[in-house]
Amino acid sequence: MTNCVKRLLPLALAAALAGCTMQATDSNATRYQVALVAKSKDSEFWNAVFTGAEAAATEYNMQLTIAAPNSEEDYEEQDRMIEKAVEDGAQAIVFSAIDYEKNAAAIDAAAAAGVTIIGIDSAVDSAHVAAYIGADNYGAGQMAAQSALDGMDGQLYVGLINYEVNGANGRDREQGARDAFADSGRAEVVAAMPTHSNAVSARSEALSMLREHPEINVLVAFNEATSVGAARAVQQMQRADDLWLVAFDSNIETIDALQTGVVDALIVQNTYGMGYFGVESAYELLAGQGSSLEESTVTTTRIITRDNMFAMDKQKALFPFG
């Protein structure tokens with residue numbers, strides 16, 4: 001062995017040991033605690049959001065807890081979950097509001113306690129939200145209306161099935177659809193029904209609407225649960241051939257209905273991305289890397305029909321875990 005090699009070996013060993021020491025220090029660093037408070041647990045929409053959030057938490061070595069009420073209308077339980085997250089030491093809360101106004105006080109209190117707030121999916125009326133990640137809900141409503149305007153000829157008689165009348169995203173989607181139909185000059189909204197955010201209630205309301213207004217030839221449902229209920233009602237009434245149904249979100253039942261013709265268009269959001277970018281944003285803000293973070297990040301929304309549902313990008317949207 002030459003003297004040159006003998007001199008290099010200790011240097012290489014020292015460098016390797018320094019690298020091991022650095023890795024050990026990183027692995028023992030304090031983990032940021034993040035709480036995700038969602039609107040519901042029992043839907044494919046939220047399962048995709050949770051998967052995205054968990055992926056980001058793993059990537060950034062964060063401690064993540066997930067909580068949601070049993071009912072997607074129970075804003076008071078959400079408020080209690082926010083309070084518990086603060087008590088348990090959460091440094092950031094990733095939050096989707098059931099009620100735009102009534103959830104605001106709990107979020108303001110959490111922010112006053114020093115917790116960083118990131119909104120996803122459905123906004124809250126608070127000036128303390130550091131970043132928001134979600135779809136352009138008004139634009140998504142316009143897309144829903146446009147799919148019917150493009151797919152149907154002649155005069156449109158429209159029925160709307162919405163949920164959570166106090167939720168920002170449902171409200172904005174409906175307004176977007178209403179404005180697009182009005183601007184077209186050939187569409188009239190003849191009925192609009194708020195319903196509980198579950199398929200059973202939505203089916204019942206849709207059946208009542210279609211029986212009371214048989215002239216309806218376009219039906220729009222604005223989230224996963226109402227879409228499943230509306231699809232069941234259209235199938236029960238055997239209206240698939242003469243009625244255009246626009247549904248929201250990717251659900252195995254509505255995907256099947258799209259293939260069979262009961263559903264004519266699906267408006268699909270990047271649910272995995274909402275969860276991932278929400279938790280990633282929490283990390284960046286807590287780590288002091290949020291200077292370049294956008295105050296509002298709009299995630300992708302797609303219109304999926306029978307004609308394009310097997311395209312690769314549409315399949316990834318329909319099946320985000322594939």
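Read the figures in this text as sums done on the coordinates, not as results from a lab. Being a predicted model, the structure only gives us computed values, none of them experimental. Reconstructed Cβ throughout: ideal geometry from the backbone, glycine too, with neighbour counts over all protein chains shown.
Below are the figures for this structure:
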{"read-out": "Surface/4 of the Cα convex hull for the range 68-109, nm²", "value": "2.8 nm²"}
{"read-out": "Cβ-based exposure ranking for 313, 108, in which fewest neighbours within 10 Å come first", "value": "313, 108"}
{"read-out": "Rounded tilt (10° steps) of 75-87 against the dominant C-alpha axis of the chain", "value": "0 degrees"}
{"read-out": "Rel. contact order, % - alpha carbon contacts under 8 angstrom, at least six apart, the range 163-238", "value": "33 percent"}
{"read-out": "Long-range HN-HN contacts of residue 192 with modeled amide H, under 5 Å", "value": "160"}
{"read-out": "Charge dipole (debye, nearest 20) of the chain; +1 at Cβ of Lys and Arg, -1 at Cβ of Asp and Glu", "value": "1180 debye"}
{"read-out": "Distance between the range 238-316 and the range 44-58 - C-alpha centres, whole angstrom", "value": "14 Å"}
{"read-out": "Angle between the chain longest axis and helix 224-236 axis [Cα atoms, degrees, rounded to 10]", "value": "30 degrees"}
{"read-out": "Rounded to 5, percent antiparallel among DSSP beta bridges of the chain", "value": "10 percent"}
{"read-out": "Which of 317, 126, 226, positive extreme of dipole for the chain (C-beta unit charges)", "value": "317"}
{"read-out": "Where Rh is the Kirkwood radius over Cα pairs, Rg/Rh for the range 137-268", "value": "0.91"}
{"read-out": "Lys, Arg +1 and Asp, Glu -1 on Cβ, resulting dipole of the range 43-105 about Cα centre, debye, nearest 20", "value": "240 debye"}
{"read-out": "q = 0.15, 0.24 Å⁻¹: log10 I(q)/I(0) that the Debye formula gives for the range 177-223, counting C-alpha atoms only", "value": "-0.43, -0.94"}
{"read-out": "Among 180, 163, 143 - extreme Cα towards positive end, dipole of the range 137-268, charges at beta-carbon", "value": "163"}
{"read-out": "Alpha-carbon centroid distance for the pair the range 133-206 / the range 81-107, whole angstrom", "value": "29 Å"}
{"read-out": "Under-5 Å amide H pairs with residue 133, H placed in peptide plane, nonlocal only", "value": "119, 120, 121, 297"}
{"read-out": "Tensor-based shape of the chain (alpha-carbon gyration tensor, a/c under 1.5 rounded, otherwise prolate or oblate)", "value": "prolate"}
{"read-out": "Nearest-20 debye value, the range 132-240 charge dipole, Cβ charges on Lys, Arg, Asp, Glu", "value": "340 debye"}
{"read-out": "Signed unit charges on C-beta, dipole axis of the chain, positive-most listed residue 86, 290, 245", "value": "290"}
{"read-out": "Nonlocal amide H pairs with residue 248, under 5 Å, H built at 1.01 Å", "value": "221, 223, 227, 267"}
{"read-out": "Eligible aspartates and glutamates near residue 102 by straight Cα distance, threshold 16 Å, same-chain separation 8 or greater", "value": "72, 73, 74, 76, 77, 79, 83, 125, 164"}
{"read-out": "Cα long-axis angle, helix 168-184 against the chain (0 to 90 degrees, to the nearest 10)", "value": "50 degrees"}
